[in-house]
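Here, each number is a calculation from the coordinates, and none is a lab measurement. Source: prediction; values computed, not measured. When we count neighbours, we look across all protein chains shown, and the Cβ atoms used for this are built from the backbone with ideal geometry, even at glycine.
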């Protein structure tokens, strides 16, 4: 398995050599500092596009911390934050379920592999997955994760991925993201 490089929450992958991860508190602090920096420069609406399920709760917590700062100071935040997970963009989940009705799973999914194949066609490799659909189970700490999911897959069969399916996912996600950005841009900010 190749090393996991992830800006965010990947502590459960530390059983795989080369993994770089942040503690939840560090990631929350980084998001806070990034947001405060952008707000100082006049940004009012900041959309975070996320690609890793392990980041969601920490991003949500960071947003809560930033809004709490304003609330406890009895002032308007002066900014609005939005989280978009690529797999939750309009139509993307449905397309992935249509493309991969079995073996999609929760980690190292064929949709993730397909978009990577589309983005990096010269780096496509093949592998024999045994079993073809990986086991499922809870995600806990690194040694437990490595024991349960020795190749990093959770309920998935990445062998189902194709570059063409990745192209369809990326194109739909881009269209959906453009609509999300447009709607977020139109959202009124209170005076």
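Just want the ordering: 14, 89, from fewest to most Cβ atoms lying within 10 Å of their own Cβ.
With the fewest neighbours first, 14, 89 line up as 14, 89.
Would you mind ranking 79, 27, 149 by Cβ crowding within 10 Å, fewest neighbours first?
The most exposed by this proxy come first: 79, 27, 149.
Hey, any idea what the orientation-averaged projected area of the convex hull of the stretch 1-84's Cα atoms comes to, in nm²?
The directionally averaged projection comes out at 5.8 nm².
If one takes the longest principal axis of the Cα atoms in the chain, at what angle in degrees, from 0 to 90 and to the nearest 10, does the Cα axis of helix 56-72 lie?
10 degrees
Please state the relative contact order of the chain as a whole percent: Cα pairs under 8 Å, 6+ residues apart?
Across the chain, relative contact order equals 23 percent.
GNM, the chain, Cα, under 10 Å: largest mean-square fluctuation among 126, 37, 58?
In the Gaussian network model the winner is 126.
How much length is gained if the chain between residue 39 and residue 122 is pulled fully straight, taking 0.36 nm per residue apart and subtracting their Cα-Cα distance, in nm to one decimal?
25.9 nm
Is the C-alpha gyration tensor of the stretch 89-176 telling us rounded, prolate or oblate? Criteria: a/c under 1.5 is rounded; beyond that, a/b larger than b/c is prolate, otherwise oblate.
Prolate, because a/c is 1.5 or more and a/b exceeds b/c.
Could you work out how far apart the two model spin labels at residue 90 and residue 191 are, taking each label as a point 7 Å from the Cα in the direction of the beta carbon, and quote it in nm?
Result for the modelled spin labels: 3.1 nm.
Find how many whole Å separate the alpha carbon centroid of the stretch 12-55 from the alpha carbon centroid of the stretch 96-118.
Using only Cα atoms, the two centres lie 24 Å from each other.
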